[in-house]
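Here's the structure, in structure tokens; my notes come after.
The values are calculated or read from the model by the stated rules, or taken from the named source; none is laboratory data. Quick caveat, the model's predicted, so the values are computed rather than measured. So basically every Cβ, Gly included, is an ideal-geometry build from the backbone, and we count neighbours across all protein chains shown. For the accessible areas, the whole protein counts, side chains as well, though only heavy atoms, and no ligand, DNA or RNA atoms are used. Shrake-Rupley method; radii C 1.70, N 1.55, O 1.52, S 1.80 Å.
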Amino acid sequence: VIEEILKKFKKFGEFYGEYGIHNLTIGGGEPLVRDDLEDIVFMAGHMGFQVRLATNGILIDGKRAKSLKKSGLRFVQVSLDGSCEHTYEKIRGEGTWNQVVSGIKNLKKAGFWVLLHMVLLPGINIDEAPLLLNLAQELGLAGVKFSRPLYEGNVNISYDAGFIGAFVNILKHGQKRHYRRLLFFCDPLAHVLPVYVPNMLKGLWGLATDM
């Protein structure tokens with residue numbers, strides 16, 4: 001069934017004149033609960049997809065990291081709801097911080113490009129969001145990505161929700177830390193940053209605000 005779905009994806013792209021490598025992100029739920037995940041990654045790779053995995057990282061021990069690498073996977077995005085143990089476990093549950101950090105380290109050791117992803121949540125993690133840059137530097141990761149919760153049918157980009165301020169604080173912190181890694185703002189609001197705060201973008205060579 002999955003093979004047929006992937007074939008349909010390819011045909012859909014070809015219908016619009018797209019050939020060659022296509023990006024495929026496998027997410028969830030949590031994709032690592034599947035025992036056949038490596039088989040899916042391997043199959044997709046041989047069908048011309050560049051596969052990326054979006055996971056909470058909790059289930060990645062050393063053995064699983066090696067088997068995922070062997071399947072052809074190279075890029076993993078790990079969801080991190082907080083920049084510290086207290087905030088993260090407030091959302092994910094007690095004892096999960098050490099699990100996810102261990103998973104990230106296992107991925108790094110296996111040679112993956114690891115990107116941390118935080119959904120900004122007012123009153124929960126938005127104030128500490130800049131500290132995620134510190135963690136990426138300390139663990140030697142590829143970079144970080146930030147987004148905000150978007151509800152169905154709502155792409156409001158008003159400035160009064162606190163998100164634009166959060167993005168600016170992240171940029172300021174990046175400059176202060178001499179951050180030299182990938183920095184994605186996967187959010188429609190980020191389109192205004194190059195105009196709104198052009199000086200805050202200087203020196204951040206891995207910055208992308210265009211989704």
Candidate set from the stretch 145-161 (those that are surrounded by 14 or more Cβ atoms within 10 Å (Cβ to Cβ) and modelled with pLDDT of 70 or more); member that is nearest to residue 206 (Cα to Cα): 145
Just the residues that are part of a helix (DSSP H, G or I) and open to solvent by less than 40 Å² (accessible area, probe 1.4 Å), please, taken from the stretch 173-199. 173, 174, 188, 189, 190, 192, 193
Of the residues in the stretch 103-128, those that are under 14 Å from residue 84 (Cα atoms) and over 14 Å from the mean Cα position of the chain (by Cα) come to 124, 125, 126, 127, 128
When both residues are 6+ apart or on different chains and their Cβ atoms are under 7 Å apart, which pairs have a first residue that lies in the stretch 46-60 and is within 13 Å of residue 116 (Cβ to Cβ), and a second that is open to solvent by less than 50 Å² (accessible area, probe 1.4 Å) and among the acidic types (Asp, Glu)? 55/30; 56/30
Scope the stretch 109-120; condition closer than 28 Å to residue 167 by Cβ and open to solvent by 90 Å² or more (accessible area, probe 1.4 Å); matching residues: 113
If you go through the stretch 69-83 one residue at a time, do you hit one that is in contact (Cβ under 8 Å) with a residue 40 or more places away in the chain and of a type in the set (Val, Ile, Thr)? no
Identify, from the list 26, 104, 21, 60, the residue that is under 25 Å from residue 170 (Cα atoms), of a type in the set (A, V, I, L, M, F, W, C) and either modelled with pLDDT under 95 or open to solvent by less than 80 Å² (accessible area, probe 1.4 Å) (or both). 104
